[in-house]
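Contents: one structure, followed by commentary.
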2 protein chains.
Amino acid sequence: MGAKRLAGRQRGVTLADVALLAQVSEITVSRILRNHGPIGADTRERVMAAVRETGYVPNRLAGGLASSGSKLVGVIVPSLTNIVFPEVLGGIRSALEGTGFQAVIAVSDYDLDTEQELIASLLAWKPEAMVIAGLDHTDMARAMLVGSGVRIAEVMEIDSQPIDLAVGLSHRQAGFDTGQYLLGRGYRRFGYVGHDWTSDHRARLRHDGLVAALGEAKVELVETCRFEGPSSIGAGRDMLAQILARRRDLDVVVFSNDDMATGGVFHCLGAGIKPKQDLALFGFNGLDVGQALPTPLSTVRSNRFLIGKTAIEKLLGQRERPETREIIDTGYEIITGATA
Amino acid sequence: MGAKRLAGRQRGVTLADVALLAQVSEITVSRILRNHGPIGADTRERVMAAVRETGYVPNRLAGGLASSGSKLVGVIVPSLTNIVFPEVLGGIRSALEGTGFQAVIAVSDYDLDTEQELIASLLAWKPEAMVIAGLDHTDMARAMLVGSGVRIAEVMEIDSQPIDLAVGLSHRQAGFDTGQYLLGRGYRRFGYVGHDWTSDHRARLRHDGLVAALGEAKVELVETCRFEGPSSIGAGRDMLAQILARRRDLDVVVFSNDDMATGGVFHCLGAGIKPKQDLALFGFNGLDVGQALPTPLSTVRSNRFLIGKTAIEKLLGQRERPETREIIDTGYEIITGATA
DNA sequence: CCGCCAAATGACAGCGCTAACATAAACGCC
DNA sequence: GGCGTTTATGTTAGCGCTGTCATTTGGCGG
């Protein structure tokens, strides 16, 4: 009659239920489930049977609260539809595998205020570490991160100072090397096709690096075309059409990334322009789509998977926020391809 | 001396700290932060100031435990690199916006055992609802889901019976309609290029639907080529080359999806085959990449964003697991394109 | 056969929060 | 002006688990 808990499943199976069935105390069950401390073989057997019988699922909220350790890693990326971020997540997943940690992914939509809200929201889950794409945050966001004491990795770029740890590549340098590579190939009449860089700040860094390299050789970007929106294949196609309508004498067009550049190749294919021969095209990222083109895209390969993997390995390898900043350069390489 | 908690930040700011500073009880702070119950204007002011001053971040683990409601939605998708799933997640995010719910995303890698583990792991967070791609699960997984009492939506396909709610489209029907469409256009010598369907079970459904439609018209699939691995543009390109090497007389090739079909178009472009004129190509999904091609892909548009959005809206609209199953057909449409 | 140690188990408090029930003022209303 | 009623706040008792101490048992050397 005085049942402490209504019959059956209403409130869910708890440790207490399992302990009762297995004739041991709750803490013993808890220890067995976490492989913690010495346990008699028969007891373990009995408890595991009870777990199976009851279909017990531990409550991580309670566990995390009691042990003040959630086994969560917060991740904030600006987008999931831009394939580079899922690839970073792939690296994160691979490094998390078998560690008992679980990633919580949030998407900021390239908006720093949204990012700030997400940081607050994720910190509320008491993650043990946090990975955030980019080095650029609101002051408030930075303060919350520092104040939380959580280990932070900022990934993708290493062009400015991180809070603790940055893992990625120098986009400015990548842009610069792109310029040098193309100059070395003899191109002199440069066009640039980009997308909205108020949101994609790294695209701007690459652009600036490119301009710097050209400047050193006294070469100018003769025409620039920027799409006011996120990068996409369609935008790349349209923008190339547009820039070519303005200047017919370009010998190379550098795109803000591979999506845009792939669109550029599509425009060429449709308009009967032979890539490289008539007009050289250059991208950034080394995406599959670009490499599968009839004329594989000349581009820069960024190691997205490695970035995610490295960030997590580094974070889980330390128990506290580190004293000193660290910057890990995962590098990049120019893919020669067939378009430049 | 007898400080209950070490000075400063060591253990983090709690409700108690804020309450103390604002000269109110903890519950008042809690209520204010959740907009719950009537609050005096001056009290609210005072408390909010204290929150700001202390930099208080609520502990959701504790909150969820106390209220047995985590404000989490678990999501399991087979992949993030296949762009259709990020698009579903986009719909989920959009529906979750402003509800205070947070999605926890897990990736099963097209493996049902992994999926089962993920389900266990996500249920441990006591989510209020769960979205899972696909209707196919291990018995154990299904049992856990049912036993948990959590509201479940199974998304993408509606070709068999869901646990509670299915949101998606009939892939078999889509395949069937593809067949009818192509027959109606006069094609008779069909080839099929696919990818590994032990993992991508929906691709197989579309294939079966296609074969059924052809069967009704006494037309046969004269050649089939399947890549033993996940779909990709590169695989599509290679497989089309392969199937054409075997049969030169095909007049249409149906691909398992747009990635594969895009690869097919690339092969054609490289080999001087004119899409539609020399060989018709047909995909599935209606991805941007296919539509941006010089010859926009003829394909079937699946409404990924809508699927995610609908699933969440439906789940959050109910407070309990429903008594009756429901199937929501988000439909699809054939895009005529320029390749078939 | 005693004392001592390690192995195995348990009791208890408390993590930080919130539901549910008080309580205490302030406000009409006839 | 007594009574119900709102509006604002507080008290109490957990949510389900785990850290920190006991406590119990058996083994074993002397």
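As an equivalent ellipsoid, the stretch A:72-126 spans semi-axes of 20, 16, 5 angstrom, where each value is the square root of five times an eigenvalue of the C-alpha gyration tensor, largest first. Chains B and A together bury roughly 3900 Å² of accessible area, counting both sides, with a 1.4 Å probe on protein heavy atoms only.
Checking the cross-link pairs A:Lys314/B:Lys314; B:Lys126/B:Lys309; B:Lys218/B:Lys274; A:Lys314/B:Lys309; B:Lys218/B:Lys276 against a 32 Å limit on the alpha carbon distance flags A:Lys314/B:Lys314; A:Lys314/B:Lys309 as lying beyond it.
In degrees from 0 to 90, rounded to the nearest 10, what is the angle of the helix B:139-148 Cα long axis to the longest principal axis of chain B? For helix B:139-148, the angle is close to 30 degrees. In this structure the stretch B:15-58 gives 63 Å² per residue of accessible area when probed at 1.4 Å with all protein chains present.
Take every pair of alpha-carbon atoms less than 8 Å apart whose residues are at least six positions apart; their mean separation over the length of the stretch B:8-82 yields a relative contact order of 31 percent.
Our estimate of slack between A:Glu97 and A:Ile273, defined as 0.36 nm per intervening residue step minus the Cα-Cα distance, is 58.7 nm. Relative to the longest principal axis of the Cα atoms of chain B, helix B:171-184 runs at roughly 30 degrees. The label-point distance for A:Met140 and B:Ala212, in a model that sets each label 7 Å from Cα toward Cβ, rounds to 5.4 nm.
Tell me, which residues of the stretch A:78-92 get at least 20 Å² less accessible area when the other protein chains come in, versus the chain alone (1.4 Å probe)? Buried by 20 Å² or more upon assembly, which counts only protein chains, are A:Leu80, A:Thr81, A:Ile83, A:Pro86. Over the stretch B:171-302, accessible surface divided per residue gives 38 Å², non-protein components excluded, 1.4 Å probe.
Taking other residues whose beta carbon is less than 12 angstrom from the beta carbon of B:Ser70, and scoring Lys, Arg as +1 and Asp, Glu as -1, yields +3.
Per residue, chain B reaches -13500 deg cm²/dmol at 222 nm when only DSSP H runs of four or more residues are counted, each adding -39500 (n - 2.57).
Loop sites here are trypsin sites (Lys or Arg not before Pro) outside DSSP states H, G, I, E and B with no more than 12 other Cβ atoms within 10 Å. The longest part of chain B free of them is B:12-217. For chain A, take the longest principal axis of its alpha carbons; what is the angle in degrees between that and the long axis of helix A:201-216, to the nearest 10 within 0 to 90? Once rounded, one gets 30 degrees. Measuring heavy-atom accessible area with a 1.4 angstrom probe and counting protein chains only, the residues of the stretch B:46-74 that give up at least 50 Å² relative to the chain alone are B:Val57, B:Arg60, B:Leu61, B:Leu65. Given R0 = 35 Å, the distance between the Cβ atoms of A:Glu53 and B:Arg34 translates into a calculated FRET efficiency of 0.40. Once you place label points 7 Å from the Cα toward the Cβ at A:Asp42 and A:Glu220, how far apart are they in nm? Placing both labels 7 Å along Cα→Cβ, they lie 9.1 nm apart.
Computed over protein heavy atoms with a 1.4 Å probe, the carbon and sulfur contribution to the accessible area of chain B reaches 49%. P(r) tail for chain A: Cα pairs beyond 26 Å make up 57% of the total.
The values are calculated or read from the model by the stated rules, or taken from the named source; none is laboratory data. Note that the coordinates shown come from a computational prediction; the quantities given were computed from them, not determined experimentally. Glycine gets a Cβ as well: all are built from the backbone with ideal geometry, and neighbour counts include every protein chain shown. The area values use the complete protein model at the heavy-atom level, side chains included, leaving out ligands, DNA and RNA. Shrake-Rupley method; radii C 1.70, N 1.55, O 1.52, S 1.80 Å.
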